[in-house]
Structures are given as C-alpha cells and as structure tokens.
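Novice: Please find one structure pasted underneath; my questions will follow.
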Amino acid sequence: MLPMWSAAVDPRVIPARATPFQEDCSHVFDGALAAVRALRGDGREHLLVDWHGIFTRLDINDGTALAGPVCLHFDLPYDPHLETRIGAIRAFVVPRGSHRSHLQLARRIHALHATDAHEAGASLREIAELILGPGDWPGDGEYRKSLVRRMVSSGEQMRRDGAFAILGGGLNPPDRSALFRRRNREDAD
C-alpha cells in the first residue's frame with residue numbers, strides 16, 4: 001500500500017532526484033532556505049516545502065534534499081497527469097505572482113514619486129506629465145487626473161503606514177473623509 005503523500009497517488013506531488021550541487025544545475029534547492037517538513041521511508045524522502053508562501057510536495061526517490069544545496073532533477077512519467085505535474089513544478093520553480101509583484105512594486109514607486117512631487121508643490125497635471133509622460137489633460141473621463149490622485153493618496157498612505165507598506169505593499173485602508181477633502185481642494189487645480 002502506498003502512502004497518500006506519494007507521487008504515485010497524488011499527481012501534484014513532484015517526483016525528483018537530488019544530486020550534489022554543481023555549477024550547471026538547472027534547479028538548485030537548499031532546504032535551509034525554506035520551511036521544510038520531511039518524512040523518510042522506503043528509501044525516499046517525502047517533503048512538504050513552504051517556498052515563498054507556496055506549499056509544494058516533493059517525492060525524493062534518490063539522494064537527499066536535506067544535505068545543503070542540491071540539484072533537483074524532476075522525473076516525470078508520460079501519463080494522463082503530466083500537465084498537472086508540470087503545473088506543480090512551474091509553481092515551485094517560478095513562485096506565483098512574481099511578475100505581478102514587480103508590477104505592484106512599480107506602482108508603489110510611482111505613487112511615492114507622485115507624493116514627492118506633490119509635496120514639492122507640483123500640480124496634478126505636472127505630476128501626470130512627470131510620471132506618465134505627455135498626454136491629454138485631464139484625459140477622457142478625467143482618467144489621468146484620477147490616476148494621479150490615487151497615486152498621491154496611496155503614496156501618502158504608504159508613508160503613514162511605514163516601511164513595511166512601502167516594501168511589502170500592505171496598506172491600511174485610507175481615511176475616506178480626508179481623501180474627499182483633499183480631492184475637493186485639488187479639483188481647483
């Protein structure tokens with residue numbers, strides 16, 4: 001009888017071999033850099049890996065993944081579960097949201113630039129040209145003006161919330177009454 005955490009039972013478990021680290025390794029894994037729970041049995045290691053908030057299960061059929069940095073070689077049988085296994089490997093190798101997190105970081109940086117310019121006395125229109133480049137003002141449906149307002153507001157909120165909000169993107173909800181007062185003042189711009 002096979003254990004339920006085995007790759008033979010669950011196609012989301014990634015079967016792999018671990019070999020000592022080499023320079024030409026396609027995927028390096030270091031169990032010391034991730035939260036790993038291991039279960040050994042039948043000459044295998046069954047690992048539950050928390051890698052950047054994504055939980056992945058590995059079935060190490062040869063070698064050990066717990067002996068420092070190792071090269072992982074994924075063993076994929078050609079069967080009806082191939083796509084599921086490839087998806088699990090993709091989620092493990094390329095953490096979900098990595099592209100999205102770059103976009104979020106860029107938005108936070110733009111918001112901080114907008115806040116700096118606003119504090120230096122720039123109008124919303126000047127901020128739009130500085131950050132977004134030249135374009136129609138205020139834009140169809142005032143979208144450019146609204147976008148710059150949101151940038152300034154979120155930049156101010158990040159500053160109030162501190163470094164974690166700036167680096168990690170965790171914002172507290174804005175004070176709506178202050179937001180509306182500021183918007184009414186800026187409508188005069």
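The values are calculated or read from the model by the stated rules, or taken from the named source; none is laboratory data. Bear in mind the structure is a predicted one, so any value in this text is a computation, not a measurement. Ideal geometry is used to build each Cβ from the backbone, glycine not excepted, and the neighbour counts take in all protein chains shown.
Novice: Working only within the stretch 16-30, note down all residues that are farther than 19 Å from VAL94 by Cβ and touching a Ser or Thr at 6+ places or on another chain (Cβ under 9 Å). Step through it out loud before you land on a result.
Specialist: Going residue by residue through the stretch 16-30, those that are farther than 19 Å from VAL94 by Cβ are 17-24.
Across the stretch 16-30, the qualifying residue is only ALA18.
Novice: Any residue at all in the stretch 47-57 that is of a type in the set (Lys, Arg) and closer than 21 Å to ALA8 by Cβ?
Specialist: yes
Novice: A further question follows. Any residue at all in the stretch 76-97 that is over 30 Å from ALA8 (Cβ atoms) and within 26 Å of the chain's Cα centre (by Cα)? Give the steps one after another, and end with the answer.
Specialist: Residues of the stretch 76-97 that are over 30 Å from ALA8 (Cβ atoms), as a first pass: 97.
Filter once more, so that each one left must be within 26 Å of the chain's Cα centre (by Cα): 97.
Yes, that holds for at least one residue.
Novice: Scan the stretch 49-63 residue by residue and report those that are farther than 14 Å from HIS27 by Cβ, assigned to a strand (DSSP E or B) and touching a residue at least 24 places away in the same chain (Cβ under 8 Å).
Specialist: Start the filter on the stretch 49-63 by keeping residues that are farther than 14 Å from HIS27 by Cβ, which leaves 50, 52-55, 57, 59, 61-62.
Filter once more, keeping what is assigned to a strand (DSSP E or B): 50, 54-55, 57, 59, 61-62.
Across the stretch 49-63, the qualifying residues are ILE54, ARG57, ASP59, ASN61, ASP62.
Novice: Looking only at the stretch 1-48, count how many residues are assigned to a loop (DSSP other than H, G, I, E, B), β-branched (Val, Ile, Thr) and touching a strand residue (DSSP E or B) at 6+ places or on another chain (Cβ under 7 Å).
Specialist: Residues of the stretch 1-48 that are assigned to a loop (DSSP other than H, G, I, E, B), as a first pass: 1-13, 21-27, 30, 34, 42-43.
Filter once more, so that each one left must be β-branched (Val, Ile, Thr): 9, 13.
Next, only the ones that are touching a strand residue (DSSP E or B) at 6+ places or on another chain (Cβ under 7 Å) stay: 13.
So the count comes out to 1.
Novice: Quickly run through the stretch 11-37 and pick out the residues that are touching a helix residue (DSSP H, G or I) at 6+ places or on another chain (Cβ under 8 Å) and among the aliphatic types (A, V, I, L, M).
Specialist: Passing the criteria: VAL13, ILE14.
Novice: So, of the residues in the stretch 49-63 that are in contact with a strand residue (DSSP E or B) (Cβ under 9 Å, 6 or more places away or on another chain) and surrounded by fewer than 15 Cβ atoms within 10 Å (Cβ to Cβ), which turns out to be farthest from GLY87 (Cα to Cα)?
Specialist: To start, the set of residues in the stretch 49-63 that are in contact with a strand residue (DSSP E or B) (Cβ under 9 Å, 6 or more places away or on another chain) comprises 49-51, 55-63.
From what's left, surrounded by fewer than 15 Cβ atoms within 10 Å (Cβ to Cβ): 50, 55, 62.
Details: ASP50: 16, PHE55: 13, ASP62: 22 Å.
Result: ASP62.
Novice: I'd like the full set of residues that are modelled with pLDDT of 80 or more and of a type in the set (Phe, Trp, Tyr), limited to the stretch 50-103.
Specialist: Once the filter is applied, which keeps residues that are modelled with pLDDT of 80 or more and of a type in the set (Phe, Trp, Tyr), the stretch 50-103 yields PHE55, PHE74, TYR78, PHE92.
Conditions (1) farther than 17 Å from GLN104 by Cα; (2) part of a helix (DSSP H, G or I); (3) free of Cβ contacts under 8 Å to residues at least 40 places away in the same chain; (4) aliphatic (A, V, I, L, M), marked per residue:
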{"site": "ARG125", "(1), (2), (3), (4)": "yes, yes, no, no"}
{"site": "ILE131", "(1), (2), (3), (4)": "no, yes, yes, yes"}
{"site": "LYS145", "(1), (2), (3), (4)": "yes, yes, yes, no"}
{"site": "SER154", "(1), (2), (3), (4)": "no, yes, no, no"}
{"site": "GLN157", "(1), (2), (3), (4)": "no, yes, yes, no"}
{"site": "ARG160", "(1), (2), (3), (4)": "yes, yes, yes, no"}
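Novice: Would you mind telling me which numbered condition in (1) in contact with a Ser or Thr (Cβ under 9 Å, 6 or more places away or on another chain); (2) more than 16 Å from PHE92 (Cβ to Cβ) GLY68 fails?
Specialist: With respect to (1) in contact with a Ser or Thr (Cβ under 9 Å, 6 or more places away or on another chain); (2) more than 16 Å from PHE92 (Cβ to Cβ), GLY68 is out only on (1).
Novice: In the stretch 16-43, how many are buried (at least 18 other Cβ atoms within 10 Å of the Cβ) and over 26 Å from the mean Cα position of the chain (by Cα)? So that I can check it myself, show each step before the final result.
Specialist: Step one: of the stretch 16-43, the residues buried (at least 18 other Cβ atoms within 10 Å of the Cβ) are 16, 18, 29, 31, 36.
Retained after the next criterion (residues that are over 26 Å from the mean Cα position of the chain (by Cα)): 18.
Qualifying residue count for the region: 1.
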